[in-house]
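Remarks on the structure that follows.
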Amino acid sequence: MSANTSSDRDATPCAYTDYREGAAAEDLPATGEDATGLEADIWDALYGIEDPEMPISIVDLGLIYGVYLEDDTVTVDMTLTYSGCPARDMLTEEVKAEVAAVDGVDDTDLRLVWSPEWTVEMVTERGEQALQEFGLSV
Amino acid sequence: MRRTRDPSVETSGDEAGATCPYCESTNTVREHPKGPSLCRSMHYCHGCEQPFEKFE
């Protein structure tokens, strides 16, 4: 690396990627506890999706960072436990399909986000209980 | 040649024992940093003599 680039403090791993900070980790994950109407139906659909390796809802696992409803279009922000998660396509496709199947939803947009990064802290209390019962220490 | 440890093996429960999900004992050892999936490590509980996994 040349002296010129190493002194560049704003340098990012990839020059072609737009890096943005996500919401504060303490405000996450989103669980939709205050959701009503169509939004509540969408959360119900998301709660119905389980992790392929453990009997825990992806919402309780803390993968969902936000659900935004604009007219009939739903935008779901979600993350994965690892960027190299082998269940990536399986989970994103299932989320898109389940949300699109909710009555009243016209369009579904899924944004895979990586900031803030997922940690075990994102698992909800109910999720911890589910994992414990499954025989997994959290 | 790799000079630093692969960061993917840095899982918890090595120094301090993880809590056993069956008997809640912390008298446990980590047997392997990775389990059947990327986000699980393998442990053994001396309290109830059972193997268990920890979610990372």
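Which count do you get for residues in the range B:24-43 that are of a type in the set (Asp, Glu) and more than 10 Å from chain A (Cβ to nearest Cβ)?
Within the range B:24-43, the first condition is being of a type in the set (Asp, Glu), and the residues that meet it are B:24, B:31.
From the residues that got through so far, the ones that are more than 10 Å from chain A (Cβ to nearest Cβ) too are B:31.
Of the residues in the range B:24-43, 1 are of a type in the set (Asp, Glu) and more than 10 Å from chain A (Cβ to nearest Cβ).
Hey, among the residues in the range A:37-50 that are under 12 Å from A:Ile64 (Cα atoms) and free of Cβ contacts under 8 Å to residues at least 40 places away in the same chain, which one's least open to solvent (accessible area, probe 1.4 Å)?
A:Trp43
Hey, can you tell me all the residues within the range A:100-115 that are modelled with pLDDT of 90 or more, open to solvent by less than 40 Å² (accessible area, probe 1.4 Å) and under 17 Å from the mean Cα position of the chain (by Cα)?
A:Thr108, A:Leu110, A:Val113
Count, please, the residues in the range A:51-99 that happen to be more than 14 Å from chain B (Cβ to nearest Cβ), out of contact with any Lys or Arg (no Cβ under 6 Å at 6 or more places or on another chain) and surrounded by 15 or more Cβ atoms within 10 Å (Cβ to Cβ).
First, pick out the residues of the range A:51-99 that are more than 14 Å from chain B (Cβ to nearest Cβ): A:57, A:59, A:64-78, A:89, A:92-99.
The next check asks that each one be out of contact with any Lys or Arg (no Cβ under 6 Å at 6 or more places or on another chain); those that pass are A:57, A:59, A:64-76, A:78, A:89, A:92-99.
Then keep just the ones that are surrounded by 15 or more Cβ atoms within 10 Å (Cβ to Cβ); that gives A:57, A:59, A:64-67, A:69, A:74-76, A:78, A:92, A:94-96, A:98-99.
The total comes to 17.
Can you work out which of the residues in the range B:44-56 that are more than 7 Å from chain A (Cβ to nearest Cβ) and either in contact (Cβ under 8 Å) with a residue 12 or more places away in the chain or among the hydrophobic types (A, V, I, L, M, F, W, C) (or both) is nearest to A:Met54 (Cα to Cα)?
If we filter the range B:44-56 for residues that are more than 7 Å from chain A (Cβ to nearest Cβ), which is where we start, we get B:44-51.
From what is left, the residues that are either in contact (Cβ under 8 Å) with a residue 12 or more places away in the chain or among the hydrophobic types (A, V, I, L, M, F, W, C) (or both) are B:44-48, B:50-51.
On the way: B:Tyr44: 20, B:Cys45: 21, B:His46: 25, B:Gly47: 25, B:Cys48: 23, B:Gln50: 19, B:Pro51: 17 Å.
Here the residue is B:Pro51.
Within the range B:6-23, take every residue that is modelled with pLDDT of 90 or more and more than 21 Å from A:Met122 (Cα to Cα) and give me the one that is farthest from the other protein chains (Cβ to nearest Cβ).
B:Cys23
Kindly indicate the residue of the range B:16-41 that is open to solvent by 60 Å² or more (accessible area, probe 1.4 Å) and of a type in the set (S, T, N, Q) and also farthest from A:Ala87 (Cα to Cα) among those meeting that condition.
B:Asn27
Show the residue pairs that are 6+ apart or on different chains and have beta-carbon atoms under 8 Å apart, the first residue being within the range A:14-36 and open to solvent by 100 Å² or more (accessible area, probe 1.4 Å), the second being modelled with pLDDT under 85.
A:Tyr19/A:Thr12
Does A:Thr73 fit the bill of being of a type outside the set (Asp, Glu) and touching a Leu at 6+ places or on another chain (Cβ under 8 Å)?
Details: of a type outside the set (Asp, Glu): yes; touching a Leu at 6+ places or on another chain (Cβ under 8 Å): no.
It is false that A:Thr73 is of a type outside the set (Asp, Glu) and touching a Leu at 6+ places or on another chain (Cβ under 8 Å).
Could you give every pair whose Cβ atoms fall below 8 Å, whose first residue belongs to the range A:103-122 and is at positive phi, and whose second residue is hydrophobic (A, V, I, L, M, F, W, C), counting only separations of at least 6 or pairs across chains?
A:Gly104/A:Leu38
Which is among the β-branched types (Val, Ile, Thr) and farther than 30 Å from A:Gln132 by Cβ, of A:Thr81, A:Thr17, A:Thr31? Don't jump to the end; show me each part of the working.
On the way: A:Thr81 fails: farther than 30 Å from A:Gln132 by Cβ; A:Thr31 fails: farther than 30 Å from A:Gln132 by Cβ.
A:Thr17 is the lone residue from the list that is among the β-branched types (Val, Ile, Thr) and farther than 30 Å from A:Gln132 by Cβ.
For the range A:123-132, which residues satisfy the criterion of being more than 7 Å from every other protein chain (Cβ to nearest Cβ) and either open to solvent by less than 10 Å² (accessible area, probe 1.4 Å) or in contact (Cβ under 8 Å) with a residue 40 or more places away in the chain (or both)?
Within the range A:123-132, the subset more than 7 Å from every other protein chain (Cβ to nearest Cβ) is A:123-130.
Passing the criteria: A:Val123, A:Thr124, A:Arg126, A:Gly127, A:Ala130.
The values are calculated or read from the model by the stated rules, or taken from the named source; none is laboratory data. Since we're looking at a predicted model, the values are computed, not measured. No Cβ is skipped: glycine too gets one built from the backbone with ideal geometry, and neighbour counts run over all protein chains shown. Side chains included, ligands, DNA and RNA excluded: accessible areas come from the protein's heavy atoms. Shrake-Rupley method; radii C 1.70, N 1.55, O 1.52, S 1.80 Å.
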